[in-house]
Amino acid sequence: MAKRDERMSEEEEESEAESMSESESGGRGESRGGLDYIMSLPDVPMKLPPHVELQRTRVFCNTDAPNHTDTIQYSGAFASVGIDNSFRLDHFRKDFRVEVIRCSDDDMEFDMIGIDPAIANAFRRILIAEVPTMAIEKVLIANNTSVVQDEVLAHRLGLIPISVDPRLFEYAENNALNERNSIVFKLHVRCERGGPRLTVKANALTWLPNGSEFPLQSEDPNSNSTSKPKTYTSFSCSQDSLPEFSSNPIGFKGRLNDIIISKLAPGQEIELEAHAVKGIGKTHAKWSPVATAWYRMLPEVVLLEEIEDELAENLKSKCPVGVFDIEDIGNGKKRLNVARPRACTLCRECIREGEEWEKRVSLRRVKDHFIFTIESTGALPPEVLFTEAVKILESKCERVISELS
């Protein structure tokens, strides 16, 4: 009987332990499925409310200041409503696109859609400071009797864009100047006495494919004077014999030829030699390939109510860039519509007169849609500058990945 009672007590303890484990596992299951249960309720939204979605994707431009300018990037921002806000590469590939609006030899306008402001700003900074070009770095002045001082003259020469592809050259760094890392120009102009004043322009600079012609001062007085004198460059061959320059001579093309260097009075003269090397705008602005590179968020103009007749005429006359237009709807009535929202500069003239106008017109900016403009200096076409900026950003990302791995 005692053995039987012991066996029964052991079975009761085991059953109690099993029931406790089942209750604990059930509790954990309830905690795991709590969010799923809440999200399955009919009153819980599966998407962001419209006003929250607007705050997430738009900047509201009110009369006093813009609102909701921040970009929400962290993944748990909308976890309470079951929205995953984390970055997804597949979503980025689906949403991101580039649309070219216009492109010429000097400038380019395109839309970058589906990116963060930090990425857009990265492209702008790379275009200004990290895309390489060729620019005059050293100026050897033999004679300058013009009114322009030597330092100012050298500075002006350095800021003249050179029409040549910098990808064909190497960085000079501390190496001797040769046909692969430098370009040599010569300028020798004189205004004859008794003649009119002479305007010296960039087209007066002559390309020297064989390198420098100015001899170095020999330090050895007993050196053989019959030998070829050393110059400031060490060209092993002529640059015009290279295939990349034989059919495309180096110089200044188009309107770059008309850049004024100096003006000479009768009897004045300039003789110098200019050496151009490869560099980036981070070192000096003369190597920056763009006159400017900038972007703005896409404007969005929304009419919150129908505006007709005198109010429509009044609002149309307020806008200095012609965003609004008036259409005839019959019976002598006129209605205002938004014809050119892209032209809006957000001057806020349309909502400046009072709160009642803010209730009629809403000015916004789309946070992930950027209107990008590139104005080239003329050294490289704007479309080439953008592709080079993409390559530089790609190389930076690869460098970070390699360092972290």
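Here's the list of lysines a cross-link from Lys333 could span, going by alpha-carbon distance under 21 Å and ignoring same-chain residues fewer than 8 apart: Lys316, Lys318.
Rg and Dmax of the range 295-357, based on Cα coordinates, read 12.0, 44 Å.
Partners of Lys94 within straight-line reach, counting lysines whose Cα lies under 18 Å from its Cα and excluding those fewer than 8 residues away in the same chain: Lys367. Rounded to the nearest 0.05, the FRET efficiency derived from the C-beta distance between Glu213 and Val100 at R0 = 45 Å is 0.50. Screening the chain for whole DSSP H helices with an alpha carbon extent of at least 20 angstrom along the helix axis and a mean Kyte-Doolittle hydropathy of at least -1.0 yields 382-404. Under a GNM of the chain (C-alpha, springs under 10 Å), which listed residue has the highest mean-square fluctuation: Asn178, Asn331, Asn85? Highest fluctuation of the listed residues: Asn331. Across Asp64, Asp105, Asp240, mean-square fluctuation computed from a Gaussian network of the chain (C-alpha pairs under 10 Å connected) peaks at Asp64.
Extent along the principal axes, Cα only, for the range 132-274: 43, 43, 25 Å, with the longest axis given first.
One entry in [x] 173; [y] 258; [z] 335 is volume of the Cα convex hull per residue in Å³ calculated from the shown coordinates; its label is [z]. Given the C-alpha centroids of the range 332-405 and the range 277-309, what is the distance between them in whole angstrom? Taking the Cα centre of each part, the range 332-405 and the range 277-309 sit 7 Å apart. A DSSP coil position with no more than 16 other Cβ atoms inside 10 Å describes none of the GluC sites (Glu not before Pro) in the range 109-165. Rolling a 1.4 Å probe over the protein chains gives Trp294 an accessible area of about 100 Å². Sorting Tyr295, Tyr232, Tyr74 by accessible area puts them as Tyr74, Tyr232, Tyr295; the probe is 1.4 Å, largest comes first, and only protein heavy atoms count. The mean sequence distance of close C-alpha pairs (under 8 Å, at least 6 residues apart), as a share of the length of the chain, puts its relative contact order at 23 percent.
Taken along its three principal axes, the alpha carbon spread of the range 121-192 comes to 50, 30, 22 Å, from the longest extent down to the shortest.
Using the average count of surrounding beta-carbon atoms within 10 Å as a protection proxy, the listed peptides 194-200, 335-341 rank, highest first, as 335-341, 194-200.
A P(r) calculated from all alpha carbon pairs of the range 252-344, with 10 Å bins opening at zero, reads 11, 24, 15, 13, 14, 14, 8, 2 percent. Placing +1 on each Lys and Arg Cβ and -1 on each Asp and Glu Cβ, with no other charges, gives the range 78-206 a dipole about its Cα centre of roughly 540 debye. Among the lysines, which have Cα under 26 Å from the Cα of Lys138 when same-chain residues fewer than 8 positions away are ignored? Counting by Cα, and skipping residues close in sequence, Lys138 has these lysines nearby: Lys186, Lys201, Lys228, Lys230, Lys253, Lys263, Lys278, Lys282, Lys286.
Sorting Phe169, Phe60 by solvent-accessible area of protein heavy atoms yields Phe60, Phe169, largest first, with a 1.4 Å probe. Sorting His369, His275, His68, His91 by accessible area puts them as His91, His68, His369, His275; the probe is 1.4 Å, largest comes first, and only protein heavy atoms count. Taking every protein chain into account, the accessible area of the range 88-142 amounts to 55 square angstrom per residue (probe 1.4 Å).
Two decimals is fine: what is log10 I(q)/I(0) at q = 0.14, 0.20 Å⁻¹ for the range 287-405, from a Debye sum with one equal scatterer on every Cα and no solvent? Once normalised to I(0) and log-transformed, intensities are -0.74, -1.06.
The values are calculated or read from the model by the stated rules, or taken from the named source; none is laboratory data. Being a predicted model, the structure only gives us computed values, none of them experimental. Cβ coordinates were reconstructed from backbone atoms using ideal geometry, including for glycine residues, and neighbour counts include every protein chain displayed. Calculation scope for accessible area: heavy atoms of the full protein, side chains included, ligands and nucleic acids excluded. Shrake-Rupley method; radii C 1.70, N 1.55, O 1.52, S 1.80 Å.
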